[in-house]
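Have a look at this one before I ask anything.
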């Protein structure tokens with residue numbers, strides 16, 4: 001006998017219905033009122049967070065049913081998965097570690113292996129979540145087998161061997177888990193960089209703290225820094241919230257020996273991370289339960305979160321660079337005309353008056369600064385539209401001399417007219433065999449959106465930007481992948497956790513999508529005919545698109561016509 005996916009879907013739907021009933025009774029979370037003591041488990045979280053009440057083992061159930069019911073019971077995290085442990089032998093109940101990994105599946109079935117009492121739980125995975133809450137999205141059709149060995153205990157089948165972790169239906173996962181940003185710093189401690197993690201919604205304060213101490217996700221390693229030294233850990237396995245204060249008890253030596261500046265940055269990093277927790281008002285650092293004083297003498301400025309860009313855009317009108325703002329165009333101050341170069345796809349620095357653009361063939365990158373003529377920076381078979389970072393480096397990508405894809409960056413600001421422009425060429429191994437369609441640096445400069453194509457298939461990814469102490473780019477980290485419901489060949493940052501992407505087409509209706517680092521489900525925007533370019537300011541309401549009929553701004557569930565004439569608008573960055 002095997003358990004088909006249709007039966008599992010019905011079971012998951014029933015459990016979800018129970019959860020929805022629970023959720024309707026706690027739609028709003030109060031953020032005011034009396035504050036008192038809170039238990040470690042629910043500290044900083046809604047008291048009525050959804051909870052599963054799984055069934056205990058059924059007498060006489062066969063091995064396949066025991067496996068299926070065990071994993072359904074794995075959604076009941078209360079009392080350290082007490083019900084799920086009833087499906088295990090006494091020995092495996094002691095050793096099984098459910099928090100090590102969560103496998104989130106679209107469908108599942110139990111399959112005999114041909115070995116007595118050994119079965120595989122065959123999953124079609126949607127994503128995996130590791131012990132630190134790092135989620136990896138997986139395309140449909142990704143399979144994984146979980147081996148399970150059963151034995152009889154007092155005449156009842158129980159699981160004797162099972163890997164650590166749980167397996168959860170996708171519908172269930174979306175209800176009991178939540179996406180939460182933990183925060184790191186850019187290397188200058190000026191900006192806060194979100195690192196999205198997934199935790200059970202009733203266990204977040206302690207989970208967030210442990211994840212923060214463990215360091216950034218792999219794609220951010222080397223691109224961000226933490227105020228917490230490597231090796232520092234919690235002195236006790238809980239983070240209680242008492243009268244609104246999250247008491248973070250750390251190993252004494254690391255905390256006491258840290259400077260006041262470092263302790264203030266630690267406290268700030270935790271406070272940013274706990275912003276999503278309604279019961280947490282402030283953070284106390286403790287060393288083996290003793291309160292550690294942190295003096296805020298003004299020497300450390302709080303980091304900037306969700307960096308804004310200026311409200312104007314750079315565009316091309318009458319074959320020259322212009323400023324586009326409030327549905328009007330005006331000249332760029334102190335910038336010479338570049339009409340002879342037929343500019344396209346312009347970019348403007350968020351930090352200085354530097355600008356960059358491609359020629360009409362998109363094979364040459366030019367830069368221009370006030371008081372100087374435009375200069376050619378690179379000529380290649382093809383180039384992506386330029387993107388400035390906050391360090392004044394302008395980025396593009398294209399094939400190198402060998403034909404392999406390279407990412408190149410130049411820093412034209414402050415360079416004399418006859419002097420060479422500083423340049424960096426990066427060719428990370430993960431780009432081998434791919435063609436870059438889009439490369440856009442995030443507003444804080446620690447990440448970049450990369451859209452690539454290989455064998456006709458596109459991937460939307462986010463990579464970390466590793467820099468030298470002066471901001472010079474050094475490397476790009478192995479990226480994380482965002483799933484889209486359709487192909488994409490261009491994209492822009494909308495805020496610090498959201499990008500807008502689309503596959504442009506002058507002759508067809510185009511549906512842009514919002515991809516959030518905090519959601520596995522793309523949000524489709526209204527389709528519009530002939531969209532060929534995207535730009536975005538500060539937030540989802542400041543998304544602009546271009547077609548042959550002019551520029552359009554997103555308005556609710558549609559698009560509002562703007563000025564006709566300018567092309568290729570782009571916000572600074």
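FYI, it's all coordinate maths here, none of it is from the lab. Quick caveat: nothing in here was measured; it's all calculated off a predicted structure. All Cβ positions, even for glycine, are placed from backbone atoms using ideal geometry, and neighbour counts span all protein chains on display.
Starting with the highest mean, order 557-566, 79-88, 131-140 by the number of other Cβ atoms within 10 Å, averaged over the residues of each peptide.
Descending packing order for the listed peptides: 79-88, 131-140, 557-566.
Could you tell me what percent of the DSSP beta bridges with both partners in segment 410-542 are antiparallel, to the nearest 5?
Roughly 100 percent of the DSSP beta bridges within segment 410-542 come out antiparallel.
Want the number for residue 78 to residue 353: 0.36 nm per residue separation, take away the alpha-carbon distance, what's left?
93.3 nm
If Rh is defined by the Kirkwood formula over all Cα pairs and Rg also comes from Cα, what ratio Rg/Rh do you get for segment 313-570?
0.94
Expressed in nm², what is the orientationally averaged projection area of the convex hull enclosing the Cα positions of segment 220-300? The partial results should precede the final answer.
Working: hull surface 24.0 nm².
With the hull built on Cα positions only, its mean projection is 6.0 nm².
Same structure again: Determine the gain in length on full extension of the stretch residue 418-residue 508; use 0.36 nm per residue of separation and subtract their C-alpha separation, reporting nm with one decimal.
27.8 nm
Consider a paramagnetic label point 7 Å from the Cα of residue 304 along Cα→Cβ; state which residues of segment 440-480 have an amide N under 14 Å from it.
442-446
Sticking with this one: What angle, in degrees between 0 and 90 and rounded to the nearest 10, separates the Cα long axis of helix 204-214 from the longest principal axis of the Cα atoms of the chain?
Helix 204-214 sits at roughly 60 degrees to that axis.
How high is the FRET efficiency from residue 330 to residue 518, r the C-beta distance, R0 35 Å, rounded to 0.05?
0.40
Could you check the spin-label model distance between residue 337 and residue 361? Points 7 Å from the Cα along Cα→Cβ, value in nm.
The two pseudo-label positions are separated by 2.4 nm.
Kindly work out what percent of the DSSP beta bridges joining two residues of the chain are antiparallel, to the nearest 5.
Details: 121 of 134 bridges.
Percentage antiparallel, nearest 5: 90.
Regarding segment 161-257, what's the average projected area of the Cα-atom convex hull, expressed in nm²?
Quarter of the Cα hull surface area: 9.0 nm².
Related question: Place the peptides 236-245, 207-216 in order of packing, highest mean first, counting for every residue the other Cβ atoms within 10 Å and averaging per peptide.
Final packing ranking: 207-216, 236-245.
At a 10 angstrom cut-off on C-beta neighbours, averaged per residue, how do the peptides 320-330, 485-495, 415-425 rank from highest to lowest?
Final packing ranking: 485-495, 320-330, 415-425.
Between residue 289 and residue 170, with labels modelled 7 Å along Cα→Cβ, what's the label distance in nm to one decimal, could you check?
With each label point 7 Å from Cα toward Cβ, the separation is 4.7 nm.
So what's the chain giving for Rg/Rh, alpha carbon basis, Kirkwood Rh from the mean inverse pair distance?
Ratio of gyration radius to Kirkwood radius for the chain: 1.02.
At R0 = 51 Å, how high is the FRET efficiency between residue 56 and residue 564 if r is their beta carbon distance? Nearest 0.05 is fine.
0.15
Based on DSSP H runs of at least 4 residues, each adding -39500 (n - 2.57), what is the mean residue ellipticity at 222 nm of the chain after dividing by all its residues, to the nearest 500 deg cm²/dmol? Please list the in-between numbers first.
Working: 8 runs with 82 residues, N = 573.
The helix contribution divided over the chain gives -4000 deg cm²/dmol.
Give the value in nm², to one decimal: projected area of the alpha carbon convex hull of segment 424-573, averaged over all directions.
Result: 9.4 nm².
Could you tell me the calculated FRET efficiency between residue 86 and residue 541, based on Cβ-Cβ distance and R0 = 56 angstrom, to the nearest 0.05? Please list the in-between numbers first.
Values: r = 51 Å, r/R0 = 0.91.
Working from the Cβ atoms, E equals 0.65.
Would you mind checking the tilt of helix 260-273 against the longest principal axis of the Cα atoms of the chain, expressed as 0 to 90 degrees and rounded to 10?
Relative to the chain, helix 260-273 is tipped by roughly 80 degrees.
Quick one: length gained pulling residue 376 to residue 221 fully straight, 0.36 nm per residue minus the C-alpha distance?
52.4 nm
Right, next: Which ordering of 162, 182 is given by a fewest-first count of other beta-carbon atoms within 10 Å?
162, 182
On to the next question. Taking the Cα-to-Cβ direction at residue 425 and at residue 275 and moving 7 Å from each Cα, how far apart do the two end points lie in nm?
4.0 nm
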